[in-house]
Structure formats: structure tokens, C-alpha cells
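A short write-up of the structure that comes next.
What follows draws every value from the coordinates through simple rules; no lab data is involved. What you see is a predicted model; the values in this text were computed from it and never measured. Methodologically, a virtual Cβ is constructed for each residue, glycine included, from the backbone with ideal geometry; neighbour enumeration extends over all protein chains shown.
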Amino acid sequence: MNLIYFSSNFCEPCMVTRGVLLQIAGLVPAARIAELDVVRDAEEAEKAGIRNTPTVIVVKDDGTEVFRAEGVPTVNQVLVALARAV
């Protein structure tokens, strides 16, 4: 299960989201979390259809998207999404 997190440098909600994802990393060590900056990784952001930061996407190992949250997700939302990705 993969979690892709799109952020930007001066985004306060992005900082809060990092805290949520740190909690997730502690609870679900098998989750692979990648943070991409929308400026630095503009091509990836465009391919993913990112319109706002933060955006968190959970993807199954086969590439199927099972969850997308624009804005700060809750720990419970992410945990449920990761369960769907298994």
C-alpha cells in the first residue's frame, strides 16, 4: 500500500498533514509514504490532477487509487483508506 502526499512549502495545513502521516507511519509501518512538492514535482502533480495542497492519495500496489483527500485528513480516514488498499 502506497500513500502519496502532495504538499507545498508555505502551506500550514500541509504541516498539520505531516503530523497525521507521522502518526500513520507509527501505526502502519508497512505503509509506504512519499511526499512530493507540487513545485519541485510539478509533472507528477499534474499527472495526479492535484489542484490543492495538501492532497493525500492512497494507492493499492496495482496502482488503483482507493482514497483522495484534499485538505487535512484525519488519522481514522487514512487508516480506513489503507485498509481498503490491502
Subset of the range 1-27, residues within 18 Å of Val38 (Cβ to Cβ), in a loop (DSSP other than H, G, I, E, B) and touching a residue at least 24 places away in the same chain (Cβ under 8 Å), comes to Ser8, Asn9, Cys11
Just one listed residue, out of Val16, Val58, Val20, is out of contact with any Lys or Arg (no Cβ under 9 Å at 6 or more places or on another chain), closer than 24 Å to Ala83 by Cα and buried (at least 17 other Cβ atoms within 10 Å of the Cβ), and it is Val20
